[in-house]
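Student: Quick one: the structure is below, questions incoming.
Derivation of every value follows stated rules applied to the coordinates shown; laboratory data play no part. Fair warning: this is a prediction, and the values are worked out from it, not measured in the lab. Cβ atoms come from the backbone with ideal geometry, glycine included; neighbour counts cover every protein chain shown.
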Amino acid sequence: MKKNKQKYLISLVLFFSILSFLPKLLANEKINFLSLKNNEVNLRQGPSFKYPIKLTYYKKYLPVIILDKSETWRKIKDFENNSGWIHVSQLSKKNSAINIKNNSILFKKPTIYSKPIAKLEAGRLVLIKRCKEKWCKITTGDFKGWIFESSLWGKFK
């Protein structure tokens, strides 16, 4: 009987220990990226159509980070640190990114020894097809190829 009580107490201590670490584990979740669904999307000062428009985006699939939620509104931040509220109907789960390094090289295969296809300027929007190791297969304009993941800001997986 005494051994059962000890096992019960140990189980209880372990359970509450796990519960105390759970918020820290959840806080380390990956950053939640989405992209803009349309060619014209308004960024508002608050989570309602009553709030004034801060700026208007004119680029479909522009990646944004989700900072907060309020009913059908999402507080976002873009790669230039603009932040505000966008209605959820204007957001997409399409994987996209912004090239953040000037003259990034787009390669035919995921190795620096493969044929270079193009140089990408900083700020170029790319659509992510897939990523493996430190490389992402992307399309941008008429170009398709592989680029270093470290050159990109956005959703990779």
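Student: So, in nm, how far is label N81 from label Y58 when the simple model puts each one 7 Å beyond its Cα toward the Cβ?
Tutor: Here the answer is 2.5 nm between the modelled labels.
Student: Next question. Compare the peptides 143-152, 60-69 by average per-residue count of other Cβ atoms within 10 angstrom and give them in order, highest first. Provide the component values of the computation, followed by the final result.
Tutor: Working: 143-152: 19.4, 60-69: 17.8.
Result, highest mean first: 143-152, 60-69.
Student: Then there's this: Contour minus end-to-end for S150 and K94, with contour as 0.36 nm per residue of separation and end-to-end as the Cα-Cα distance? List each step's numbers first, then the result.
Tutor: Working: separation 56, 0.36 × 56 = 20.16 nm, distance 1.93 nm.
Full extension of this stretch gives 18.2 nm more.
Student: Next question. Report the local net charge at V41: Lys and Arg +1, Asp and Glu -1, summed over other residues whose C-beta lies under 11 Å from its C-beta. Please report the intermediate quantities before stating the final value.
Tutor: Working: positive: K37, R44, K59, K60; negative: E40, D78.
Here the charged neighbours net out to +2.
Student: Still on this structure: Cross-link list K60/K134; K54/K77; K37/K132: which exceed 20 angstrom alpha carbon to alpha carbon?
Tutor: On the way: K60/K134 26 Å; K54/K77 13 Å; K37/K132 26 Å.
K60/K134; K37/K132, as the Cα separations exceed 20 Å there.
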